[in-house]
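The values are calculated or read from the model by the stated rules, or taken from the named source; none is laboratory data. A quick note: this is a predicted structure, and the numbers were derived from the prediction, not measured. Reconstructed Cβ throughout: ideal geometry from the backbone, glycine too, with neighbour counts over all protein chains shown. Ligands, DNA and RNA are excluded from the accessible area calculation, which covers all protein heavy atoms including side chains. Shrake-Rupley method; radii C 1.70, N 1.55, O 1.52, S 1.80 Å.
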Amino acid sequence: MERLSNWYFLENSAIDLILFASVLIVGFAFKRIISNSFSKIVLRFFTDSSITVEDCIQQLRKPFELLTFWIFLYFATQNLRVPNAWHWVSIENFGIRFLIAKSFESALILTITWVIIRLVKVGILVAQVKWQGIEQKSKQHFIPFLNDLSLVFIIAGAGFVLLGRVFEVDVVALITGLGLGGLALALAARETLENLFASFTIFLDLPFVVGDSIQVGVITGDIEKIGFRSTRLRGNDGNLIVIPNRLLTSQSLENLTERDYRRAKFNITCDLKTTPAQINATIESITAGILQENLCKKKEPKVVFEGFGPYSLDISVMFFVETKDLSVYQQTKQRINMRILEILEQEKITLASSVSA
């Protein structure tokens, strides 16, 4: 032991170097165990959680192992000395030691920020599992919004900590200056702020949620994501539609998913030579054909002789299909249309041409 204490390398005794290496080895050996134990402790706070320990460990392992490494590295270097021959200035003055210390502080702050972000991810994952099912649909669309909002606040907070701790900026004065310049910023980013406030309106009023089918003007699609600035829709032909949130709150919007019935309305233009007996028989047969569908019985169909067109005698057909599903509605409408074709053929009715005979 005395020989080790008398042996020096770069002005550090062998005992100090052994302690340095030992602490690092212990850190590398136990970082996985410490990370897993921390993940299990975090999971205990979610008493009714449906996620597994493996899911929690997968989210927290890498950032917490990195945080563990920085902590052990800090303790390992406490007894090391910088050789005088290197002529490094003190840590208070600008130099290599100052840059190393600031780099270490920055790495530690960023790693802690990473850990906090992953903790939020665990909470989001728990919410996704807990809020599964149609009955929780109104809560599901909050998940992407809360995820984005939490990231903004966490990253902004980490940025202020970096400025105050590492770059020694007066954060209070900076925030005050930002407040004084808030008016100019608001004027410059007026549309962005309008979209942001519109997103809060959407989340409070809940005119639609993720998965709903809506129609805004001539645009129709299924809601995929509600963001800070815009809402993403998937059109019927598969194209992605991005609509600014302010437009969704400033005009009429139809939620197609919330309706209990889907309406079909069209005219049958019969030839001018069609007799009244043929029209009466056709109206009765079409009405009976519509009522054969179980989804069309609760609301009575309306089949009437609409009137006289320039080249036709018009029969108006309107019926309601009790479904929210577009594919079910289309299949039902197709079956009814096929029956109408058969009825027209049976009654020997020809459709009118747009050109007079």
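Key figures
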| read-out | value |
| --- | --- |
| Of all residues making up the range 50-87, the number that are at pLDDT 80 or above, open to solvent by 60 Å² or more (accessible area, probe 1.4 Å) and among the small types (Gly, Ala, Ser) | 0 |
| Residue, nearest to Thr275 (Cα to Cα), within the range 295-350, restricted to residues that are hydroxyl-bearing (Ser, Thr, Tyr) and free of Cβ contacts under 8 Å to residues at least 60 places away in the same chain | Ser312 |
| Residues located in the range 310-334, provided they are over 38 Å from the mean Cα position of the chain (by Cα) and surrounded by fewer than 14 Cβ atoms within 10 Å (Cβ to Cβ) | Pro310 |
| For Ala277: the one exception among (1) closer than 30 Å to Ala198 by Cα; (2) without any contact (Cβ under 8 Å) to a residue 40 or more places away in the chain | (1) |
